[in-house]
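Q: Dropping a structure here in structure tokens format, bear with me for questions.
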Amino acid sequence: MDRPSSGMKNRVLEGFGLFKLQLADLLNYNASIRLATIWNYPSAFRDSLRSGNADVGLSMVEKMVERGDITSDDISTLTDALRKCELNGVATEVEKIFGENSSQADLTQPETNRQSEDEKEAMRQCEEHGNALSTLLQATEELGRKLEVPTPTGSGMNTLTKHHRERKEVEQELMHLKSSSLEAIDTTEAFIHENQPYLSALQHSETRNRIRELRKSLDRLLDLSRKQLEDLTDQLLKLRTESPPQAEAVEQINLNCVTIRATDSKEKHQMIIEQLKEASDKESPIRMLKLDTTFKTIQENGYITLSSGVLLPFITTLAVIVIWTEKGRVLTEAEFSGLLRYGCKSTRIERFIFQHCDLPSLTSSRGVLKELQERGAKVEWGSTGHCLSTSSGSWEMGTIDWVREACGAGVVMHTHWPKGTHDLQIKMLEFATEKEIPVKHLRLDLCYRSVTPDGTKLILQSGQTLSALSSIKMINIVTEDGRKIPEVELSQLLMYADQSQNLKELRFQFCELPPTVSASTISSEMKSKNFKVSWLSTGHRLDLHDRTWEIDDMDTIRESCEAGVLIYKQCSSHMHTLQMHLLTVASQNNIPIPFISLRESYRAVDATTGSIILESGVMLPRLTSLGRLSIDASGRELTEEDVNGLMNYSRRCSKLNLFWCSRPKNLPVSLLQDPLISGKLEVLWYPDGPNKQCYTLDPASGRWVK
């Protein structure tokens, strides 16, 4: 709905309608994101808030009304959540405007008493924030003392290598501490901003000083750490250069294909670059350079910044550059043209290859196109099978060989990519069918909306349609978490699959499928060619003869478990039963289950069997190959009995995580000294969800400590 101008509000709306508009004005980006997170709103909705494409406050209010978190006579759920997010000032203002626009004048207690309580609570929380900052500052100072240990003058290779390794460990600790500190600083600054009326000038000043001191200390130590590492690297390189050939420890790169990986260390990036520079200086040809998820950004001087922070200078003897980004990354026009300009610094450049990313056209970048024309270089986009026209800057279908190469790696359509990119991908799939080029797989990553009633076309979220194509071998439909696909829709999808002549498998992830399908849906041809319908979230496949779900092979079970198993409250007992079957078979066959996450689906622990009872009534048995158990309680209070039972269930695990719940009770030390639990299981409580403030259950005292 359109928001009325401020001058018209009182004449257009009144009562609850006016309250909603005023509430939308109050809910800024920070408050909306925190509320959406604490209420576990769908990830797609949270992403839409972060994108900035919608009016954040208005979108949030509409979602709250839709889910019943605010009504015309009750906003207590909202105000309680705001206070849990430490947004006491916002909570008070919300109650004020609700009282002005509603007949409900007495919410819970007189406003003056509420304001007094809010002031006390804000001062207490401010003290907690200050203590957390002091703890981080102490940890920073401890790391600083490690950097004060000098490297002896005239040290040999072994000593230098040892000191280099120790400094690298300190730098990694500093980077981790900086990440935690910046998160704590952001949270504290947001708290101060929202609760400034309730804080004393002294509290405000002291907290600000701690923030400044922590920032200054971290920046100083990181600069010192990097300088020490650079000095040690220079000394190591000098020693290696001066050492006899048989003592050379630097791994020589293969100039036919040089790969810089994100998983490699910063030192390895530096050593690879040194060898690339040496080859370039000697005018030795380098056939291919592949940046495997290591491209971070382009510097003003044209150099590439890698994920490690190391700069990649111009290499003038390079023939092919391959850029593999994180899956789904969108490169801006500045990044794309910058990479092309970088490559054109090479006098031998022939080809650019981009994979897993979204690219713009370059119709207005005449300078870059001219450089490409002068070099005679091709720009190929693996995600779409298209090539950049160096005359127009638009994308054109690639050669048959290039399309064959792109389709051989599989095609992924991401929901956040623009419609124009999907158009190019669909054209490539149609071209592949026309030329009889096989497509290894098609993954619809949150792109699938529905299927036409006659089963002839898939409808994407963008409104585009995809006809049944004979070139595709496997289709993987990845939906929003917990989406239900009814029997009618599954039958229509099977009709679509039946028309895709060479399709061997139809996969589903993160959705709920029906227990069975109509007999008329499954053709004799599908049965004869052993067509496979896989439900990866449960590790089951559809038996095409009796139309029921049966456990899949060990490879699929392993694939279903390798990324962890999510069990949602909204899913049916039928799906929960299949997931329990999957987990039981995996455990019996010693297949690792990295983690299980119970998303509001935990009810209790059965006192007799020790199994977990889900909200659906289905039992989660004990599992010997489970690594971590996470409980999303969504505001629920976990009793001592709950925590005791969950710890006993998790005896063989390394971690038990408790999310979104009020503070669990302290536990008897006798329980924590159980030899089957102590020394292995780490119990963590995250009151505000993952990546937030964490408390650990201390086995020595039974208390929760930061």
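The values are calculated or read from the model by the stated rules, or taken from the named source; none is laboratory data. What you see is a predicted model, and the numbers here were worked out from it, not measured in a lab. A quick note on method: Cβ atoms are made from the backbone with ideal geometry, for glycine too, and the neighbour counts reach across all protein chains shown. With ligands, DNA and RNA removed, areas are computed over all heavy atoms of the protein, side chains included. Shrake-Rupley method; radii C 1.70, N 1.55, O 1.52, S 1.80 Å.
Q: Could you check the simple spin-label distance between Thr548 and Thr608, using points 7 Å along Cα→Cβ, in nm with one decimal?
A: Between Thr548 and Thr608, the simple spin-label model gives 2.5 nm.
Q: Where does the longest stretch of the chain lie that holds no GluC sites (Glu not before Pro) found in a DSSP loop with 16 or fewer other Cβ atoms within 10 Å?
A: After excluding every exposed loop site, the longest remaining stretch is 437-636.
Q: For the range 279-324, run through the trypsin sites (Lys or Arg not before Pro) and keep only the ones in DSSP coil with at most 14 other Cβ atoms within 10 Å of their Cβ.
A: Lys282
Q: Once every DSSP H run of n ≥ 4 in the chain is given -39500 (n - 2.57) and the sum is divided by its residues, what mean residue ellipticity at 222 nm do you get, rounded to the nearest 500 deg cm²/dmol?
A: -14000 deg cm²/dmol
Q: Calculate, for the range 354-411, the solvent-accessible area per residue in square angstrom, rolling a 1.4 angstrom probe over the heavy atoms of the protein chains.
A: 40 Å²
Q: Now for a different question. Using θ = phi - 60° and the Karplus relation 6.51 cos²θ - 1.76 cosθ + 1.60, list the HN-Hα couplings for the range 76-93 in order, rounded to whole Hz, with x at every Gly or Pro.
A: For the range 76-93, the Karplus-derived couplings read 5, 4, 5, 5, 4, 5, 4, 5, 5, 7, 6, 10, 5, x, 5, 4, 5, 5 Hz, x marking Gly and Pro.
Q: Per residue, what accessible area does the range 53-93 have, given a 1.4 Å probe and all protein chains present, in Å²?
A: Computed with neighbouring chains in place, this is 39 Å² per residue.
Q: If you count only protein heavy atoms with a 1.4 Å probe, what accessible area per residue comes out for the range 525-681, rounded to a whole Å²?
A: 43 Å²
Q: Work out from phi, with θ = phi - 60° and the Karplus expression 6.51 cos²θ - 1.76 cosθ + 1.60, the ³J(HN,Hα) of each residue of the range 485-492, listed in order in whole Hz, and give x for Gly and Pro.
A: 9, x, 4, 4, 5, 4, 4, 5
Q: List, in order, the whole-Hz ³J(HN,Hα) value for each residue of the range 362-368 obtained from phi through the Karplus relation with A = 6.51, B = -1.76, C = 1.60 and θ = phi - 60°; use x for Gly and Pro.
A: Whole-Hz 3J(HN,Hα) from phi for the range 362-368: 10, 5, 9, 9, 5, x, 5.
Q: Less than 15 Å from a label point 7 Å out along the Cα-to-Cβ axis of Ser361: which backbone N atoms in the range 408-422 qualify, by residue?
A: 418-422
Q: Keeping all protein chains in position, work out how much accessible area Asp401 exposes to a 1.4 Å probe, and write it in Å² to the nearest 10.
A: Rounded to the nearest 10, the figure is 110 Å².
Q: Same structure again: How large, in percent, is the carbon and sulfur part of the accessible surface of the chain at a probe radius of 1.4 Å?
A: The value for the chain is 48 percent carbon and sulfur by accessible area.
Q: Just going by the charge dipole of the chain, with Lys and Arg at +1 and Asp and Glu at -1 on Cβ, which of Gly338, Leu372, Met64 is farthest out on the positive end?
A: With unit charges placed on the Cβ atoms, the residue in question is Leu372.
Q: Another question about this same structure. At a probe size of 1.4 Å, how large is the accessible area of Val90, to the nearest 10 Å²?
A: Val90 has an accessible surface of roughly 10 Å² with all protein chains in place.
Q: Report, in debye and to the nearest 20, how large the dipole of the chain comes out about its Cα centre when Lys and Arg carry +1 and Asp and Glu carry -1 on their Cβ.
A: My answer is approximately 1500 debye.
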